[in-house]
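Structure, as structure tokens:
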Amino acid sequence: MFKILALFLLALSSTNAFWTACTDRAGAIAPNRVESASCSGSLCTVVRGETLVADAFATFTSAHSVLTVRVTAYILGIGVNLPQDPPYDNACNSIFINGVMTGCPTTPNVESLWRIQMLVPTTYPAFQNTRVRYELLENNNVVACANIQATLT
């Protein structure tokens with residue numbers, strides 16, 4: 001029985017191994033799950049000049065009127081801000097509940113989908129197997145956060 005449970009947990013953990021919760025952001029929620037055709041196993045591979053498409057499902061614990069997007073790549077341990085152009089800089093432009101675009105304010109205690117469709121500029125630096133942090137902020141407070149292992153070519 002223990003072996004079956006261990007195999008199940010191993011299989012479950014490997015399905016989302018490319019992302020982890022931000023344990024250093026007290027009070028910030030983590031996604032329930034993240035899905036993207038660009039990601040499998042333990043890594044996401046994104047091509048500069050193309051659009052990254054990903055779905056992050058999360059259950060907000062309170063209503064948020066603003067959700068500014070901040071993306072940071074940690075190259076050799078140094079955080080490099082990856083600026084987001086409109087409309088990608090505001091997650092409120094792409095929050096859905098049950099397939100309906102609801103935007104902000106978010107609905108507490110109901111699973112929401114943040115549909116990420118982000119053009120990745122060719123000016124971004126290329127990197128291999130690097131931690132990229134996605135944060136949603138309201139009034140400079142991080143309300144949601146996830147780390148993604150990514151390669152940008």
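Throughout, read-outs are computed from the coordinates displayed, never taken from laboratory work. On a predicted model such as this, the values are computed, not experimentally measured, just so you know. Virtual Cβ from ideal backbone geometry, glycine too; neighbours counted across all protein chains shown.
Tabulated data for the structure shown
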item: 148, 97, 29, 78 arranged by Cβ crowding within 10 Å, fewest neighbours leading; result: 78, 97, 29, 148
item: Cβ-based exposure ranking for 65, 36, in which fewest neighbours within 10 Å come first; result: 65, 36
item: Neighbour net charge for residue 70 - beta-carbon separation under 11 angstrom, K R +1, D E -1; result: -1
item: Neighbour-count ranking [beta-carbon atoms within 10 angstrom, fewest first] of 136, 152; result: 152, 136
item: Matching label, Cα extents along the principal axes in Å computed from the structure shown, candidates (1) 49, 38, 29; (2) 69, 37, 27; (3) 54, 28, 25; result: (1)
item: Relative contact order [Cα under 8 Å, 6+ residues apart], the chain, whole percent; result: 31
item: Neighbourhood net charge (11 Å Cβ-Cβ; Lys/Arg +1, Asp/Glu -1) for residue 25; result: -1
item: Percentage, to the nearest whole number, of Cα pairs in region 69-153 over 14 Å apart; result: 67
item: Lys, Arg +1 and Asp, Glu -1 on Cβ, resulting dipole of the chain about Cα centre, debye, nearest 20; result: 340
item: Cβ-based charge dipole, the chain, positive-most Cα from 81, 37, 65; result: 37
